[in-house]
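What follows is one structure encoded as structure tokens, with my remarks underneath.
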Amino acid sequence: MLSFLPVLLLNAFLACVCASSDYHERLLLRPLPQSTLLASFNFRSNESSTAIEQQNFRYFPRSFAQILEHAHTKELHLRFSVGRWDAESWGQRPWYGAREGGTGVELWAWIEAQNEEEAFSRWLTLVNSLSGLFCASLNFIDATKTVRPVMSFDPEGDHTNSSNLHLLHGNLPHEVVCTENLTPFLKLLPCKGKAGISSLLDGHKLFDASFQTMAVDVRPVCDSNDGGCSLQMEQSVDMVLDIARSKRPRDNPIPRALPIGEIECDTSKPYDAEDTCYPLDKKVEPAWKLTELFGRPLKGACPLTEEMGDEGESLCINTPPEREIQVNTTGQYSEARTALDTLRCYKLPVGADFDLVLPEQKMTTGLVRAQPQLFAARSVNGHGQERGSVQAVIRNPSKDAVEFVYLESLPWFMKPYLHTLRAHVDSLTENPVKETYYRPAVDRQRGTHLELRMIIPAASTLILTYDFEKAILRYTEYPPDANRGFDAPPAVIRILSPYLSTDKKGIYLRTTPLLLPLPTPDFSMPYNVIILTSTVMALGFGNIFNLLVRRFVGMDEVSALGAGGIKGILAAKLGRLKALLGKA
Amino acid sequence: MAPPEGADAPAAPKADPKPSDPPSESIVASRTNKQPPAETLESLWVRRWVILSFWAVVACLGLPMWWKTTAIYRADLPLQDMTDWADGKICRPVFPLRIAVEASPQVQDAHRLIRTTQHALDDLNEFSAHHLRLILADLPLPANASQQAIIDGTSSTGDDQDIALSVRLIPVETGETPRSHLQPYAPTLDVYYSPNQIPSASSTASPLATFVAHELHKIFADEQARLSYLLSASSSGHATKWKALSAETAAELQRQSTRVLKYAPTYHLTFSLFTPTSVPSAWDIEPALRQYLTPLLESFATISNFTIDTQVQLYATFSPSIRQPEYDEDLKAWTLRKEDLSGFINAAEWPLSPSIGEGPTVNFALYVPEQSQSPLLVKENGASSWLVPQWGGVAILNPTSSAAIPKALAKEALVPAMQTFSNQLISLLGLPQTPASLPLRLSTLTRVRAASLIFSASSTLGALAQVYQKMPSIPVPDSVAKSVDLTLGHLQQACDHFRDGRFQGALEHARIAEAQAEKAFFERSMVGQVYFPDEHKVAVYLPLLGPVAVPLVMAALKEIKSGIATLRRR
């Protein structure tokens, strides 16, 4: 370490001018239909690669960087998600699916290694270390839950030698994301949830949301102009809050009916009377405040973002221009309007609480919500303990044909029959599957990896089906709650064309995970078997043994020998008693 | 199972003579009933053989098989050797230090001088294990030796590893003689003398010899104290043999040894800047470390390697368990109570997790208090830094002026903190404060560390032997036996190196021995079985063993009873 220090220092002088370290954060609020609100938190920190090599950490968390270095990981993506993104009513995903994970925990990383074995052993190091850092069961990502996708993911970062980078992808659909994962997530931030937009993040509200996803993305970024590189860490939290539900105070969380006099009634209903009332749907945007929704105040800006100039606007709200917004703060702030006044951004005051107050308002205009390119749903069909089938329905509402990659990584105990794979589009006679990559499962060693490149014509629906067989597990392989069923991870769909994203992030969507019921044994069976077998063996042994060693005598000769055992003793006692009584 | 009626027909001759009596009373009835035929000797023996063979099968085949299949594997360990090492019976560490004496060619009687000095030295020495042996340096020195040797400290000796200290005798005409000078960056003691102080052929004592002996004794006094403390602390068997240490010295050494980090080949140093607010959010740590710490770490390179990482942590609050600082009017400062210092590090919130990789992490935390709470001092003594034994150090950086805390700390502002951290690191690594020469202190540290590693490896072996003997239910895999063998081998080699005075080699072997001993002792597979005692084994098989054992035991008892009865009747 010390020997090459001077060399590094020389580099530091050369590089410190160009490779910058900075920190940036932004919260985007966007009202969604059905009185819900999307809150997208994004935290981005850069650390120059020389500082990383010298292990001088300012914005980048030390523990995380050391894990990456130890596991030779060059790029990493980690997702914790709960709930389902309701694309039908909420529209396009906030980051086009690039920062939203499937339900549970998802992790993929590019690891530098000479060969696949080395890459896999480093992958195990990585998942075990991350498991400790994030208090999640990431260490359960083993060979059976790891696949090496071919077409679905591309590195986001700038890698100098990508020839010995290995992509590994792991999934834990069963993992329950909870407060204990949020706390370490916040600790990685420079302002730690004590200032800046991260001060709004509260476990109670975050995990009460209709949909929430936390993401950690690390990638190397190189400036093409001067060649200076830095390691970028992006943390994001996206949550869809139900406004009415979130506004309930924590000490009185049960919704109660208002007195009838305070409710506006729909008088057009025929049953409307003095004592019956149908609440009037006012078709207005509900009133809300930041403090109310998130249950805690926004404690000003994180001072580290101050240096950023225009980038320092860390709170944005995307509403129609007519929407009334009041700002409630004691400090200095500034407001900027962009994108035809539909985006209002605020530069937050340092050291003073900041609150947005939106009153109830009847809207005449609305915002156009981007529609996703594809809708996807997947389900398990069939019944019985032995076989089943999977059906994925992928709908293309747009006017262009969409090319996409469909990645399925199934657990080994769910064995698909590839010959039953059918992809069918109503309006098309030819097979929409253009390319197939399939790696069959090996029992207890690896899962199935299926990747399909498909084209779906405009305004049509593709139905993908395949049958599978359920394996019977060994007694010890069942988890504690085996009758709940087993989770199969969500399918990942990556859209290749016609939409090309500019920043290498890609456009993704994910289906919901599958719940697969497997035949479960009676778990008290081994003990029953032990007892039953022992009894049968003991019975057989006793009979044979007695036949061999007992002396057989005539019925009328038994008493002459004197009955043995308890019966004999009792008989003798009884006889003596009788004799005594008879004498008396 | 009752035999058919016809079966007892041939037994009629043995029947009671009065079978027609009515069974009015049971006692009478038994007498009056028909007697079964006498059992033939053959059938009696057949039955006995049957029972015996069943028992034989159970005892010779069943039980051993059951025992074998449910037994846990325990590798053989050389328990006697392990205990002997722990008791210090095998290796009595000795520290023969070679001291090269370089005398200019003018000194004709160098050999005699050395002999007399050696005598004087032996008289002074009270600690028999630590022995200073003077040898004459082979190379004759050029006249201007003093200048040259300063440039290149190792020029005078062939294999400098084995030479603890070089004494150079330099004749001078002026100044007070004899006088001595210990070079701070080389293991060299310069002794200046006037030519008339050379002992003559006839005299047995000379002022120069006595002077050199006293100087040497003084230089190594601290090391002797340390080693004798180590020997007395490590095993009771040695205690009586060594010279008694004074109570204060022992207490001081005790205090020092509790601070010192456990030895490791690699240490991770983590420097963290903590602040309760958002400033300062940057520090000029890289040049500061390069200037103030790197030279120190380089000098430790022969003993351990170091990795360094730094971090900045904002919004670091005190842990709720300690009292908030109070303002002290006399000191004009905010004060922390001494008893709260142990809770100053907020372990729950401050990210001071150990670094990944082998070796312990040493933490150095620099805390910059809030503007409104500075200066922040320790109430009892007004100090602003303290050492956390075996963990690291904390320094509070109070701003020098009343101006607002800068956003970035400059290198100059970090100087006092860096000096504090260097001193703390020296204490944590156990480097002695004396003598003045750094190479000597480092070689002292090498010897102390090597000896303490040997003792700790030996005592680990002893503990393992005890565990092996006292807990017969734990499994012992072969890897443990292998590690123990390796440990014993390396301990022996370390001990041999000690005897030959090759301390660097001794440290290497002691290091491996310690690592292997720890590996053997903390073998994971040895723990699991402790929670699965023998009772469980019996409980699982009881449904089978119980019903099978009852007829076997009853038949055997009955047969023995009848056998005894038959014998008595005879």
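Only one residue in B:Val394, B:Val480 is surrounded by 19 or more Cβ atoms within 10 Å (Cβ to Cβ) and under 27 Å from B:Val527 (Cβ atoms). Which one?
Details: B:Val394 fails: under 27 Å from B:Val527 (Cβ atoms).
Step by step, each of B:Val394, B:Val480 is checked, and only B:Val480 is surrounded by 19 or more Cβ atoms within 10 Å (Cβ to Cβ) and under 27 Å from B:Val527 (Cβ atoms).
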Does A:Ile67 meet the test of being closer than 30 Å to B:Tyr315 by Cβ, modelled with pLDDT under 90 and within 14 Å of chain B (Cβ to nearest Cβ)?
no
When you scan the range B:264-280, do you find a residue that is surrounded by fewer than 19 Cβ atoms within 10 Å (Cβ to Cβ) and more than 10 Å from chain A (Cβ to nearest Cβ), even just one?
yes
Would a scan of the range A:414-424 turn up a residue that is hydrophobic (A, V, I, L, M, F, W, C), crowded, with 20+ Cβ neighbours inside 10 Å and at negative phi?
yes
Unique residue being in a strand (DSSP E or B) and either touching a Ser or Thr at 6+ places or on another chain (Cβ under 8 Å) or farther than 24 Å from A:Phe207 by Cβ (or both) when the list is A:His166, A:His159:
A:His166
Tell me which of these A:Val284 doesn't satisfy, since it passes every other one: (1) free of Cβ contacts under 8 Å to residues at least 24 places away in the same chain; (2) surrounded by 11 or more Cβ atoms within 10 Å (Cβ to Cβ).
(1)
Checking the structure you have, find out if any residue of the range A:246-253 is loosely packed, with under 10 Cβ neighbours inside 10 Å and closer than 28 Å to A:Arg30 by Cβ.
yes
Read through the list (1) within 30 Å of A:Val221 (Cα to Cα); (2) more than 26 Å from the chain's Cα centre (by Cα); (3) among the basic types (Lys, Arg), then give the number of the only condition that A:Lys504 fails.
(2)
Sole exception among (1) within 12 Å of chain B (Cβ to nearest Cβ); (2) farther than 30 Å from A:Pro479 by Cβ; (3) out of contact with any Pro (no Cβ under 8 Å at 6 or more places or on another chain) for A:Val529, by number
(2)
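In the range A:455-499, which residue that is in a loop (DSSP other than H, G, I, E, B) and aromatic (Phe, Trp, Tyr) is modelled with the lowest pLDDT? Reasoning before the result, please.
Restricting attention to the range A:455-499, the residues satisfying the condition of being in a loop (DSSP other than H, G, I, E, B) are A:457-459, A:471-474, A:478-481, A:485, A:489-491, A:498-499.
Still in the running and aromatic (Phe, Trp, Tyr): A:478, A:499.
Details: A:Tyr478: 88, A:Tyr499: 71.
Among residues in the range A:455-499 that are in a loop (DSSP other than H, G, I, E, B) and aromatic (Phe, Trp, Tyr), the one modelled with the lowest pLDDT is A:Tyr499.
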Filter the range B:30-71 down to the residues that are more than 10 Å from every other protein chain (Cβ to nearest Cβ) and in contact with a helix residue (DSSP H, G or I) (Cβ under 6 Å, 6 or more places away or on another chain) and list them by number.
B:Thr70
Have a look at A:Gly542, A:Gly554 and point out the one that is surrounded by fewer than 17 Cβ atoms within 10 Å (Cβ to Cβ), within 14 Å of chain B (Cβ to nearest Cβ) and either touching a Gly at 6+ places or on another chain (Cβ under 8 Å) or without any contact (Cβ under 8 Å) to a residue 24 or more places away in the chain (or both).
A:Gly542
Of (1) closer than 30 Å to B:Ser180 by Cα; (2) part of a helix (DSSP H, G or I); (3) polar (S, T, N, Q), B:Thr434 satisfies every one except (2)
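Quick check: is even one residue across the range A:474-485 over 24 Å from A:Thr103 (Cα atoms), touching a residue at least 24 places away in the same chain (Cβ under 8 Å) and touching a Pro at 6+ places or on another chain (Cβ under 7 Å)? Give the steps one after another, and end with the answer.
Residues of the range A:474-485 over 24 Å from A:Thr103 (Cα atoms): A:474-476.
Subsequent filtering for residues that are touching a residue at least 24 places away in the same chain (Cβ under 8 Å) retains A:475.
Among the residues that remain, those that are also touching a Pro at 6+ places or on another chain (Cβ under 7 Å) are: A:475.
Yes, because at least one residue in the range A:474-485 is over 24 Å from A:Thr103 (Cα atoms), touching a residue at least 24 places away in the same chain (Cβ under 8 Å) and touching a Pro at 6+ places or on another chain (Cβ under 7 Å).
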Hey, A:Leu78 hits all of (1) modelled with pLDDT under 90; (2) crowded, with 21+ Cβ neighbours inside 10 Å; (3) of a type outside the set (S, T, N, Q) but one; which does it fall short on?
(1)
Residue within the range A:434-449 that is touching a Leu at 6+ places or on another chain (Cβ under 7 Å), part of a loop (DSSP other than H, G, I, E, B) and farther than 27 Å from A:Lys145 by Cβ present
no
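Assess whether B:Gly505 counts as being surrounded by 17 or more Cβ atoms within 10 Å (Cβ to Cβ) and at positive phi.
Details: surrounded by 17 or more Cβ atoms within 10 Å (Cβ to Cβ): yes; at positive phi: no.
Spelling it out, it is not the case that B:Gly505 is surrounded by 17 or more Cβ atoms within 10 Å (Cβ to Cβ) and at positive phi.
Only residues that are assigned to a loop (DSSP other than H, G, I, E, B) and in contact with a strand residue (DSSP E or B) (Cβ under 8 Å, 6 or more places away or on another chain): list them for the range A:252-288, please.
Filtering the range A:252-288 down to residues assigned to a loop (DSSP other than H, G, I, E, B) leaves A:252-259, A:263-264, A:266-278, A:280-284, A:286-287.
Passing the criteria: A:Ile263, A:Glu264, A:Asp266, A:Asp272, A:Cys277, A:Tyr278, A:Leu280, A:Val284, A:Ala287.
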Any residue at all in the range A:71-78 that is closer than 20 Å to B:Glu358 by Cα and away from chain B (no Cβ under 11 Å)?
yes
Which condition does A:Arg248 not pass, out of (1) in contact with a Pro (Cβ under 6 Å, 6 or more places away or on another chain); (2) not in a strand (DSSP E or B), if it passes all the others?
(1)
Checked B:Leu425, B:Leu387, B:Leu377, B:Leu409 against criteria (crowded, with 21+ Cβ neighbours inside 10 Å and at pLDDT 90 or above); the one match is B:Leu425
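Is it fair to say B:Phe300 is more than 8 Å from chain A (Cβ to nearest Cβ) and closer than 30 Å to B:Ser232 by Cα?
Values: more than 8 Å from chain A (Cβ to nearest Cβ): yes; closer than 30 Å to B:Ser232 by Cα: yes.
Answer is yes for this residue.
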Residues of the range B:303-358 being part of a strand (DSSP E or B), crowded, with 17+ Cβ neighbours inside 10 Å and more than 10 Å from chain A (Cβ to nearest Cβ), in sequence order, are B:Ala333, B:Trp334, B:Thr335, B:Leu336
Filter the range B:359-386 down to residues that are away from every other protein chain (no Cβ under 14 Å) and among the charged types (D, E, K, R), then give me how many there are.
2
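The values are calculated or read from the model by the stated rules, or taken from the named source; none is laboratory data. Please read all numbers here as calculations on a predicted model, not as lab measurements. Cβ atoms come from the backbone with ideal geometry, glycine included; neighbour counts cover every protein chain shown.
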